[in-house]
Every structure is written in C-alpha cells, then in structure tokens.
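S.K.: Please read through the structure below; I'll follow up with questions.
The values are calculated or read from the model by the stated rules, or taken from the named source; none is laboratory data. Quick caveat, the model's predicted, so the values are computed rather than measured. Because the Cβ atoms are built from the backbone with ideal geometry, glycine has one as well, and the counts that use them run over all protein chains shown.
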Amino acid sequence: MAVTINGSTGIQLDDNDKQKFGTGGDLEIYHDGGSSHILNTTGDLIQKSTGWISHACDNGQYWYNNAINTAYARLDSDGLKFNGDTAADNALDDYEDGTWTPNPHDGSVTSAAAKYRKIGNQVTIWAQLLTFSDTSTNDQIRIKGLPYAPSSGWHGAAGAAMMQEVSEATGWIAYAQNDQVRFYASSTGGYAQLRHNELDSGHQIYFTATYPVN
C-alpha cells in the first residue's frame, strides 16, 4: 500500500487501498481505479447536516436500493423518474397542494373546501358552493377562478357533482373547459345545463373535476 501525504492535495492512497474506520474496520472508503466506494458493514450509514445534503452526478441525482441492485428514483433536469426510467415525458416535475376561490360569472357565491392538487400537468379541484347571490338569471352557471386553466388543446374534463335544492333533479357532472367549470346532465337531444334560476332556497353544490394543463 502506497500512501502519499501532500500539503496541497491531502492524503492520497493507491487504487484499491482502503481507508478503514472503526474497531472492526466497519467503514471503508476506497477507489478501485474506475469507481469510488463507501462501504458500511455494521449498523446504519448516517448523514447529518444543518443545511442540504445533495448527492449529485453529471447525469442527475439517484436513490439506489442495493438490496435489489437497481436505481429506483432519479432526479435530473426533467424532474423525478422511477424504476430506471429515463424518458423525459414520464418525469414528475411538479407537485402542489393549495386553495382556490370559485368566482361565478353572474353574481357571487359562498364557497367552502375549495382546494386543488397539481401532480405534473394534471390538476384536480374540489369545492362546495352554497348561497349563490343570483338565483333568477336564465344563464348557465359558470365558475371561474380555477387555480390553473385547462390545456388549450384539450376539449375539457368531466368530474362528479352532487347537488341539493335544484329544480331539475338529475345526474349532474362538472365540466372544466377554458377557464371555467360548468354543470351538465344527460338529456334527450342535447345536454341539460344548470342555470341560476334553477337554484332553490337552501341550494348546495359539491363537485370535483380533473383536467390537464399546458
């Protein structure tokens, strides 16, 4: 084993010569000529820092499971990838939870539990709508204020809706398109639209919708 000590370069060992720590040499650090190794054979390998701990390499950051001999997560400029996948289209590049404020096209509304979750380019919204100020206009109910606008290349995305105290009892869906959510039901000929003048006293609307964004 050759050991070189230099004030400018530090302590240098030849390839495959190991620096061992612990009574039984349980921690080894060495270079084999092609790769560098940190081997812990007893207990856990613990890293602590008052700031970030980053494991970086030229082609991204990896989380590796030695028990199954595979990289199960990779973080690079595309986002987070799993199970050895390298395709940019499959990368998870965003995750976000938040709230939003439903804003009807006509009048105002009291809302509750208006939340959203964004995973990559997919957004799911939830909300409870009660006490619309406009219950007389013969205009379709349109809810604006979405946290993200649906993709312009998408024709819309339907979700579920549950209502009480509306004059037309039927199965409604929530439909997200452009910057709005509208409510439709199946009908002979065309779709039935939920309108402001169909809201009775004590009306409530619960709905969710999932849609893609650009």
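S.K.: Name the residues in the range 83-119 that are of a type in the set (Ser, Thr, Tyr) and either at pLDDT 95 or above or in contact with a strand residue (DSSP E or B) (Cβ under 6 Å, 6 or more places away or on another chain) (or both), would you?
M.R.: Residues of the range 83-119 of a type in the set (Ser, Thr, Tyr): 86, 95, 99, 101, 108, 110-111, 116.
Tyr95, Thr99, Thr101, Ser108, Thr110, Ser111, Tyr116 - these are the residues of the range 83-119 that are of a type in the set (Ser, Thr, Tyr) and either at pLDDT 95 or above or in contact with a strand residue (DSSP E or B) (Cβ under 6 Å, 6 or more places away or on another chain) (or both).
S.K.: What residue, among those in the range 91-141 that are of a type in the set (Gly, Ala, Ser) and closer than 17 Å to Thr208 by Cα, is surrounded by the most Cβ atoms within 10 Å (Cβ to Cβ)?
M.R.: We begin by selecting, within the range 91-141, every residue of a type in the set (Gly, Ala, Ser); these are 91, 98, 107-108, 111-114, 120, 127, 133, 136.
Subsequent filtering for residues that are closer than 17 Å to Thr208 by Cα retains 98, 111-114, 127.
Values: Gly98: 10, Ser111: 20, Ala112: 11, Ala113: 9, Ala114: 18, Ala127: 24.
Of everything passing the filter in the range 91-141, Ala127 is surrounded by the most Cβ atoms within 10 Å (Cβ to Cβ).
S.K.: What number of residues within the range 108-119 satisfy the criterion of being part of a strand (DSSP E or B), touching a residue at least 24 places away in the same chain (Cβ under 8 Å), more than 17 Å from Gln164 (Cα to Cα) and not charged (D, E, K, R)? Spell out the reasoning first.
M.R.: Taking the range 108-119 first, the residues part of a strand (DSSP E or B) are 109-119.
Those still in the list that are touching a residue at least 24 places away in the same chain (Cβ under 8 Å) too: 109, 116, 118-119.
Then drop every residue that is not more than 17 Å from Gln164 (Cα to Cα), which leaves 116, 118-119.
Right, trim to not charged (D, E, K, R) and you get 116, 119.
Residues flagged as part of a strand (DSSP E or B), touching a residue at least 24 places away in the same chain (Cβ under 8 Å), more than 17 Å from Gln164 (Cα to Cα) and not charged (D, E, K, R) within the range 108-119 amount to 2.
S.K.: Of (1) at pLDDT 90 or above; (2) among the aliphatic types (A, V, I, L, M); (3) farther than 30 Å from Val181 by Cβ, Met1 satisfies all except one. Which?
M.R.: (1)
S.K.: Tell me whether the range 120-134 contains one or more residues that are of a type in the set (Gly, Ala, Ser), more than 30 Å from Leu80 (Cβ to Cβ) and either modelled with pLDDT of 95 or more or in the same structural domain as Gly79 (by TED's automatic domain parsing) (or both). Outline the logic, then answer.
M.R.: Residues of the range 120-134 of a type in the set (Gly, Ala, Ser): 120, 127, 133.
Retained after the next criterion (residues that are more than 30 Å from Leu80 (Cβ to Cβ)): 133.
Now narrow it down to the ones that are either modelled with pLDDT of 95 or more or in the same structural domain as Gly79 (by TED's automatic domain parsing) (or both): 133.
Yes, the range 120-134 contains a residue that is of a type in the set (Gly, Ala, Ser), more than 30 Å from Leu80 (Cβ to Cβ) and either modelled with pLDDT of 95 or more or in the same structural domain as Gly79 (by TED's automatic domain parsing) (or both).
S.K.: In addition: Would you check which residues across the range 31-79 are at pLDDT 65 or above and among the β-branched types (Val, Ile, Thr) and list them?
M.R.: Answer for the range 31-79, where residues must be at pLDDT 65 or above and among the β-branched types (Val, Ile, Thr): Ile38, Thr41, Thr42, Ile46, Thr50, Ile53.
Conditions (1) in contact (Cβ under 8 Å) with a residue 40 or more places away in the chain; (2) not β-branched (Val, Ile, Thr), marked per residue:
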| position | (1), (2) |
| --- | --- |
| Asn90 | no, yes |
| Asp93 | no, yes |
| Glu96 | no, yes |
| Pro102 | yes, yes |
| Asp106 | yes, yes |
| Asn121 | yes, yes |
| Ile125 | yes, no |
